[in-house]
Amino acid sequence: MTIETTHMMMLANTAAGPGWAGFILWFPLISLALCGLWSILRIKSKLPAWTTVGCLALAFLTTVALYVSYSEPVVIHLFDWFNLHWGSGAKAGSFVANFSLYVDSLTLLWMLFVTGLGTLIALYASEYMEPDVGKGYTRFFAGVSVFLFAMSCLVMGDNLVLLYLGWEGVGFASYWLIGYYYTKPSAVAAAKKAFIMNRIGDLGLALAIWFIWLNFGTVEFADLFAVIASGAYHTEAGGWSISAIPFLLMLGAFGKSAQIPLYVWLPDAMEGPTPVSALIHAATMVTAGVYLLCRMFPVMQLHELALPTVAWIGTSTAILSATIALAQYDIKRIMAYSTVSQLGFMFAGVGVMTTAGAAYHVFTHAFFKAVLFLTCGAIMHGFAGQLDLRKLSGIMRLRGWKVVSVTMLIGCLCLAGFPLTSGYFSKDMILAQAFTSGHSAVGWLLLFTAGLTAYYTFRVWFRVCIGPVHFEPGDEDHGDDHGHDDHGHGDHGHGDGKFHPHAPKWAVNFVLIAITVGAILAAIPYFMPSGEEGVKGGWVASMTLDSSARDGMYGVYAIEEKGKLFGADPYNAMYFVSAAFGLVGILIAWWLHLANRKAADALRAKLLANPLTRWLPTAMENKWYVDEIYHVFVRAPLWVIGHAFALIDRLFVDGLLVNGTGYLPRAVGRMFQPLQNGVLQSYAVLMAGGFALVVVLIVLVMPWLQPILADWMAGTGGAG
Amino acid sequence: MIEKLWFLIPEIILFIGVCVVSIMGLSHHRTWRSAVPGATIVFLIAAALATPFLYTPEKMEAAELLMPRVGWYFKVIVGFVSVLLALMCIGLIDRRYEAEVKAGRASFDPMRVNRGEFFIFFLLSVMGVNLICSANDLIWLFLALELVSLPTYVMVAMSRPSRKAQEAAVKYFFLGAMATGVFLYGFALLYGSTGTIVLTEMRDVFAAQVAEEGGVNLLGIVGMIVSLLGVAYKIAAAPMHFYVADVYEGAASAVSAFLAFVPKAAGFLGMILLLGTMGWAGHAGEGSTGLPMPIVTTLWMIAAITMTLGNVGALLQTSVKRMLAYSSVAHSGYMVIGLIAGPGLGINGVLFYLTAYGIMNTAAFAVLAGLERKKAEIETVDDLAGLRFKHPSMAIVMAISAASLLGVPPLLGFMGKLYIFVGGVETGHIPLVIIAGLNSAISAGYYLYLIGLPILSQPSPQAETITTGEARWPRLAGVIGAVLIIVLPVFTNYLYDATERSTEGYLDEQARQIGATDADEPDEPPDPALATRE
């Protein structure tokens, strides 16, 4: 209890921080206001994009300044928000949730990549969304500003209420931007699906906040950690409602970060414009769940089964979505499933108590997955919406596509965990910790998944970027009615051989190179000193160490002896083991999808031909029928219940009870309605009558009634 | 006397406004006449902005008033909400006549223009509310309350050229006169009971009565109850609420919004002052710190009946104006809970709620005032159906204000209810708060309708013909109101602190009295809620 407790007490005694840090929040808000102004002024230029990029860059610079001046956890009070106090003595209660920021190194880590990537991706979008200038352009950038503001609230808030506000805010921004092409039914359906799935998770988070407030009497992080560190809450009963907290928090995190059972919205969310997929649905928003668990790590340890549950859910999600990604043909969808899978890795990391590993993987993943999405977007943009990897090949040899192909290769290497890339180090931390903390089953499953990841990642790259040159333009294109990321390629005919792909211009190339450099450099923090003996993970680990996620470095569950892998420290052994898995995956992909492309189709045909194995490719291509299962077991029953209620409503409520808003209130209303007859005299009589009644009551009846009422009111707590 | 004049400077500014506006309204030049609303707004803002400079701590310290600081909050808030209300009134009066003059079909005749007069009455009524803040005797209070009401009778009649408006005005006037008689009678009884008309002296007399006789004498209690019932007319509470639906429906929407805020604010402030003479500090008998039991019971019944009748009444309406009228009744019921709860969360909650209600109710009425069909205001719920398709901003304003009136969490209305309900629970009136909660649930029946109808429904055939009004200002008022509903909750703590500071002196007096009359528990803080807030 020593080091953790003193550390947490230190977190609780936070000093006041610099007020200018609030500008990290205000800049996106200013950008939103300006976008609103541009929309009122009907600006038809790229001004909204430059406004947003500028404001986000300023927010990033503010974050950097905050990082440079950072020395210890601080609370930055911006202004009072909720500040309710009541009762006195033992009955005293309060509900305090001010508009304040809680800045520790975990906050800074997250904000650095959120604002940094946000700026770069907004710059990318300024070119990507060009065909919409004057139409949805302002709406898009307003949505991005809302997102950045909400995400900053989520990460920087000093209490759970502000976090929840941000949580809902990013959900709203995500809904807004997925449904950007609102004339397209599939985009609208995807937006709705994301919204509903997230609501389920949000219910969990809301309940968790409520229970935390009930049991610990505060929702402010600093106070909360102090209460938990002191252990004083154990005396105040609570029981099941305390044990429920970590599981409810988990549910919230699963919804936002697309884990089983709430993951199905994320692949569909790719209906939004690609920069949105990169920013919100790969790099930042979906990591909010991991952030929540890291931030609330002391709370997650209130029940001993909570973290193992997180580990297993994460592992299952990782492996399930990796198998789905194996069999998809839409490259953006493969990246989407891969995101779900990588998020599973992060959750498994939190579950096996390496918050540093999870945070590091979030950090590296944010870069390399952004690269991958943005390259997919560039390809889609250039090939008129074509995303099918069977219809694209060897684009590296086309003029102007070098940058895209090379950056994609680097992204793929990181994702596949190729030795010495950033993804390799971050993934290894999670894998090694799984063995160290004795979850070797989790470790082996994740290793296997890492092999699958390497395979499906390079399946995309070998198919699309190299090999013989061959491409077909996308089929869903032209005009707003279809909407899908195709941008006025009306001059290109279909299949007439005259299709010329648009190579990306400077903004896209610049952003791709910048983020790729980031993805490569993200390996460096691993070698920076962590400031503590025997702790792997370098700079990121030190950032995570300094925060509420610290306990994860040691673990509250007694681990008698460190687990071994092949007789060695897993952290050392993993360098070779995971590299081997990754290389095998890449080699298989090379064999099936570059050297011998026929073999892949032959293999699939063979599997399909054999009745015993036919189910495997079919099920994987159909995403294990999860959507269908949900349809049958969740949507259909709800539909039936809904219609049953509607029927009951119509038969009984409408039939018997007039219109369904409740019979009694209306009946009472009708009873009094004749009084409201519009005749002046009768109103006067009623008023006088009411007046007389009250006076009679007070003068004649009250003397008898008073003792009784006094008793009754005393029974309910006194009369005021 | 000179100190009193100092606090009256905002009223004097408004009175200068009255003179200026009345002259402008009679000008031969159309530009001058059309500048009347603008001038009104300028004077309203000037009065509101002057207030914080006038209410300096030393001056408030020296003032011989029951609530020396309340004007500091009230005059500013009433001033700014009145700006929204004045925006709604632009283009309302003399529209047809001015159009004729402009087209050259009629020549200008000073006898036929009403615009100046309308805005004079507007300013006078607001001035009445401001005067109540400085009231320290029953005569002043009576005159100020009447100054609030009398202009509104005329405003209703003038507000639109239809017989309905005139009928409404007549009803409002006669019933109002009756209510005035009632509370004047109550004031007389209070004088009979205490032998003084000065509120601060009255407080000391009541305290002495409790100390000597163990309770306030019956005459005083009846006097207080009769006064409260009379003032209940201003706040549209049962049993004096019968006029509300007819009058609000008959008046133009802008004036209905005015009636729902200005007299209500005046009435609540008057009630707070009256109840303050009996205080929440030890007049109910041994060991208690509340109002006398009969008064609590009366207020309890008024609260319960008012909110229930308001909400069930609103359920049956097909006219949006009548719906909002009943909703105004219901909201008064909620606020009476705050009166019962007393200093601290209760009274501060009422002051907060008045602001919140003023803004959200004005926004809702602004939608009705800003749209028209065949040159007439829209009224029925069918008119609102599918508003989103033709007038998206108004549809959103309607949805936001209805959601706020319902008390949907992050919005302004929720914050108001939160303070009042917590105040009620705090002082042990749990059954009443439960009734209020049930009423909120009932009110969802019609507020959800107002939220859903403009956004989700398809437009009805008659909704197709709706156009925006000639003046864009009422719509602007709606949009400002909606923005405030969303933005103010973020600053709710500042607003609440302001209400708290404005009731400070009031509370100190209560504490002093407890020390004097209740020697048993001298250390007990007067209100736990406030005692714990530093």
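Of the residues B:V113, B:V182, B:V170, which is within 14 Å of chain A (Cβ to nearest Cβ) and farther than 29 Å from B:G276 by Cβ?
Details: B:V113 fails: within 14 Å of chain A (Cβ to nearest Cβ); B:V182 fails: farther than 29 Å from B:G276 by Cβ.
Matching residue, one of B:V113, B:V182, B:V170: B:V170.
Among what's in region B:242-276 and is among the hydroxyl-bearing types (S, T, Y) and either within 14 Å of chain A (Cβ to nearest Cβ) or out of contact with any Phe, Trp or Tyr (no Cβ under 8 Å at 6 or more places or on another chain) (or both), pick the residue that is nearest to B:F183 (Cα to Cα).
For region B:242-276, the residue satisfying everything is B:Y243.
Residues B:A254, B:A208, B:A238: which one is closer than 30 Å to B:M398 by Cα and assigned to a helix (DSSP H, G or I)?
B:A254
Answer yes or no as to whether B:P526 is within 13 Å of chain A (Cβ to nearest Cβ) and at pLDDT below 80.
Taking the combined requirement at face value, the residue satisfies it.
Here are the criteria: (1) at the interface with another protein chain (Cβ under 9 Å from one of its Cβ atoms); (2) more than 22 Å from B:V76 (Cα to Cα). Tell me which single one B:G346 does not satisfy.
Result: B:G346 passes all but (2).
If we keep just the residues of region B:310-341 that are among the polar types (S, T, N, Q) and in a helix (DSSP H, G or I), which is nearest to the other protein chains (Cβ to nearest Cβ)?
B:N311
With the checklist (1) more than 14 Å from chain A (Cβ to nearest Cβ); (2) over 25 Å from B:F352 (Cβ atoms); (3) in a helix (DSSP H, G or I) in hand, flag the one item B:V226 doesn't pass.
Among (1) more than 14 Å from chain A (Cβ to nearest Cβ); (2) over 25 Å from B:F352 (Cβ atoms); (3) in a helix (DSSP H, G or I), the lone unmet condition for B:V226 is (1).
Condition test on A:A222, is it touching a residue at least 60 places away in the same chain (Cβ under 8 Å), assigned to a helix (DSSP H, G or I) and farther than 27 Å from A:L117 by Cα?
So A:A222 passes the test.
Might you check whether a residue that is modelled with pLDDT of 80 or more and either in contact with a His (Cβ under 7 Å, 6 or more places away or on another chain) or closer than 26 Å to A:Y291 by Cα (or both) occurs anywhere in region A:531-540?
yes
Tell me which residues, restricted to region B:45-72, are aromatic (F, W, Y) and not in a helix (DSSP H, G or I).
Restricting attention to region B:45-72, the residues satisfying the condition of being aromatic (F, W, Y) are B:53, B:55, B:72.
Within region B:45-72, B:Y55 is the sole residue that qualifies.
Among residues belonging to region B:90-105 that are among the small types (G, A, S) and within 20 Å of B:K375 (Cα to Cα), point out the one that is surrounded by the most Cβ atoms within 10 Å (Cβ to Cβ).
Per the criteria, the residue is B:G91.
I'd like the full set of residues that are surrounded by fewer than 18 Cβ atoms within 10 Å (Cβ to Cβ) and closer than 17 Å to A:D132 by Cα, limited to region A:29-39.
A:G36, A:S39
Name the residues in region A:415-441 that are β-branched (V, I, T) and not in a helix (DSSP H, G or I), would you?
A:T421
Taking only region A:118-141 into account, find how many residues are buried (at least 24 other Cβ atoms within 10 Å of the Cβ), aliphatic (A, V, I, L, M) and more than 20 Å from A:A384 (Cα to Cα).
3
Does B:G195 qualify as being more than 25 Å from the chain's Cα centre (by Cα) and either within 13 Å of chain A (Cβ to nearest Cβ) or at positive phi (or both)?
Against the criterion (more than 25 Å from the chain's Cα centre (by Cα) and either within 13 Å of chain A (Cβ to nearest Cβ) or at positive phi (or both)), B:G195 qualifies.
Only helices (runs of 4 or more DSSP H) wholly contained in region B:73-159 count here; list those with 3 or more residues that are closer than 17 Å to B:K234 by Cα, touching a helix residue (DSSP H, G or I) at 6+ places or on another chain (Cβ under 7 Å) and at pLDDT below 95. Quick ask: steps written out before the conclusion?
Details: elements: B:95-103, B:115-133, B:138-159.
The qualifying helices (runs of 4 or more DSSP H) are B:115-133, B:138-159.
From B:L484, B:L432, B:L448, which residue is in contact (Cβ under 8 Å) with a residue 12 or more places away in the chain, within 19 Å of B:A402 (Cβ to Cβ) and either within 12 Å of chain A (Cβ to nearest Cβ) or among the charged types (D, E, K, R) (or both)?
B:L448
Considering every residue within region B:229-241, establish whether at least one is surrounded by fewer than 24 Cβ atoms within 10 Å (Cβ to Cβ), touching a residue at least 12 places away in the same chain (Cβ under 8 Å) and touching a Phe, Trp or Tyr at 6+ places or on another chain (Cβ under 9 Å).
yes
One line per residue, one yes/no per condition, for (1) under 30 Å from A:V155 (Cβ atoms); (2) hydrophobic (A, V, I, L, M, F, W, C); (3) outside any helix (DSSP H, G or I); (4) touching a helix residue (DSSP H, G or I) at 6+ places or on another chain (Cβ under 6 Å):
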residue	(1), (2), (3), (4)
A:A356	yes, yes, no, yes
A:V362	yes, yes, no, yes
A:L372	yes, yes, no, yes
A:T375	yes, no, no, yes
A:R399	no, no, yes, no
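The values are calculated or read from the model by the stated rules, or taken from the named source; none is laboratory data. Model, not experiment: these values are computed from the prediction. Glycine also receives a Cβ, built like all others from the backbone with ideal geometry; neighbour counts cover every protein chain displayed.
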